[in-house]
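Data block below; observations after.
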Amino acid sequence: MAVVVDDDGLTRGGGRRRIVLFPLPFQGHISPMLQLADVLHRRGHLAVTVLHTARNAPDPAARPDGFDFVPVPDGMPAAVAASDDPLEKILAMNAAMDTSGCVRDALASILLSATEEQQPVSCLIMDTALPAAQKAAAALGLPTVVLHTVSAASTRLYRSYAMLHDKGYLPAQEQELNRPVKELPPLRVSDLFDPSKHPDQESANKILDGNFRTTSNSAGVVINTFEALETPELAALRAELGSTGTSTKVFAIGPLHELSAIDAAASSLQEQDGSCISWLDTQAPGSVLYASLGSVIPVQKDEFAEVAWGLAGSGVPFLWVVRRGLVAGGGESDPDLPDGFERAVEGRGKVVRWAPQREALAHGAVGGFWTHSGWNSTLESVHEGVPMLCRPLFGDQPVNARYVGEAWKNGVLLMEGEKKLERGKIAQAIRAFMDPGEKGDEMRERAEELRRQSAACLEPGGGSTCRAVDELVDHILSL
Ligand code: UDP
């Protein structure tokens, strides 16, 4: 449906254009999607409807004013919902949505009431991992824009699997793990997500294929990154998408968490424990290691114990997030800390179930971040200029860690190449990371330089991200 719009996004009929957004129901996907919604709502005057699954729904009490929220069933069988495997969950959700038609029905009803209210829907902005949603939108003639919640480098990597197989990088051979992937520097074979190593190879390939298709079939690609951070990766991605004959535009509009005014609690699936901020207030500047392993992938029980005793043995003050479900096989329960751990770290270590992470990273007492290298965490750390000690677990995390260690040099990898963590080596690595002497100067200078670049891209008017937001609004209004 063609709608004539004024410059400010108001339709000539006096109503506004509406966008529908559909995140994947994981913390690292919900937050950037709601932040994007907020940015487009404020900057583009766009009315917002958020489709969400009933499971992991954003807290009704903390929802942003003026947004409509529409629940859809995720249709996930209970056994899949209880599993540790995010890929199985994503596939089950898509399959159930295809079968039930629930997304199509929800979209049809939103389109109808939006038309009645003179707020015609411009597009569906959806997570790349939701091909079922794209299919439902296409059936209703609604264009889609995809949000990539990973870096531009990972977005590019996910579009390179045919090449990686053709050139023999994959399936990865044990003796080739250190081989540089010369088409995707600085990646090595060990950094690639290898479907053949996944317990269910077919599922892993399906996810990659779905991701490829949703991007190719979209009217726009939004990436939570900024131009100065990933200049060559964004250029390569634009060239690659251009060469396929589509006119898919790429918008680098990060760091979204800083651009958006949305309260972190509005998108948090867990209650944040603010007591750690008062604890940080009592610590010396730059002295504390903040440690968090993200919200999705669990660690094995023995590894969890090595992390605990490594932190304890380092002698460094630390704030450690031990979330429910962090230990594999324990369901959503609180992991038991090893016997004697709390006594050993009394006064020096603080453990919380969930931290206000952005506030913690921005706190002057935090001098380093032990991270699983999730993309949101990486970007939040880049923005605050906090150096990273990276121990990636899964998916795109090894890619982010490699960029930190080798391209941006604002951090180091923890026990790289060693499959199992060991407490003595962890303790030593933490000490070397937090007090690296002259060797650490470059890392801290790089972290500071990236912090400045991240601030600069957000400058109103001239910053690359602000310009990209305006272009994205124009693009949405043109759909
Ligand atoms: N996070 C948080 N408090 C915590 C741990 C994590 O608020 O105690 C947030 C963090 O700020 C980030 C998100 O959870 O925005 C995790 O996303 P990321 O992409 O880093 O990792 P994932 O959880 O998807 O593996």
From the option list A447, A456, A468, single residue qualifying as within 30 Å of R17 (Cβ to Cβ) and open to solvent by less than 50 Å² (accessible area, probe 1.4 Å) is A468
Going residue by residue through the range 424-438, is there one that turns out to be more than 27 Å from D263 (Cβ to Cβ), among the polar types (S, T, N, Q) and not in a strand (DSSP E or B)?
yes
Among the listed residues V382, V386, which satisfies the condition of being buried (at least 24 other Cβ atoms within 10 Å of the Cβ), touching a Pro at 6+ places or on another chain (Cβ under 8 Å) and farther than 11 Å from S292 by Cβ?
V382
Screening P23, P32 for residues that are over 18 Å from E332 (Cβ atoms) and in contact with a His (Cβ under 6 Å, 6 or more places away or on another chain) leaves only P23
Mind checking which helices (runs of 4 or more DSSP H) fall wholly inside the range 16-122 and carry at least 1 residues that are touching a residue at least 40 places away in the same chain (Cβ under 8 Å) and open to solvent by less than 40 Å² (accessible area, probe 1.4 Å)?
27-44, 86-100, 102-116
Helices (runs of 4 or more DSSP H) (entirely within the range 233-285) containing at least 3 residues that are of a type in the set (G, A, S)
264-267
Verdict on S377 being among the hydroxyl-bearing types (S, T, Y), near the ligand (Cβ under 9 Å from one of its atoms) and assigned to a helix (DSSP H, G or I)
yes
Inside the range 351-366, the number of residues satisfying the requirement of being within 12 Å of the ligand (Cβ to nearest atom), open to solvent by 40 Å² or more (accessible area, probe 1.4 Å) and touching a residue at least 24 places away in the same chain (Cβ under 8 Å) is 4
Criterion (in contact with a helix residue (DSSP H, G or I) (Cβ under 6 Å, 6 or more places away or on another chain) and either modelled with pLDDT under 95 or within 14 Å of the ligand (Cβ to nearest atom) (or both)) met by exactly one of F369, F394, F341
F369
With more than 15 Å from the ligand (Cβ to nearest atom), closer than 19 Å to L393 by Cα and either assigned to a loop (DSSP other than H, G, I, E, B) or not charged (D, E, K, R) (or both) as the only criterion, which of G313, G330, G294, G325 stands out?
G330
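The values are calculated or read from the model by the stated rules, or taken from the named source; none is laboratory data. This one's a predicted model, so the numbers in the text were calculated from it and none came from an experiment. Every residue, glycine as well, gets a Cβ built from its backbone with ideal geometry; the counts of neighbours run over all protein chains shown. Accessible surface is based on the protein model in full, side chains and every heavy atom, while ligands, DNA and RNA are left aside. Shrake-Rupley method; radii C 1.70, N 1.55, O 1.52, S 1.80 Å.
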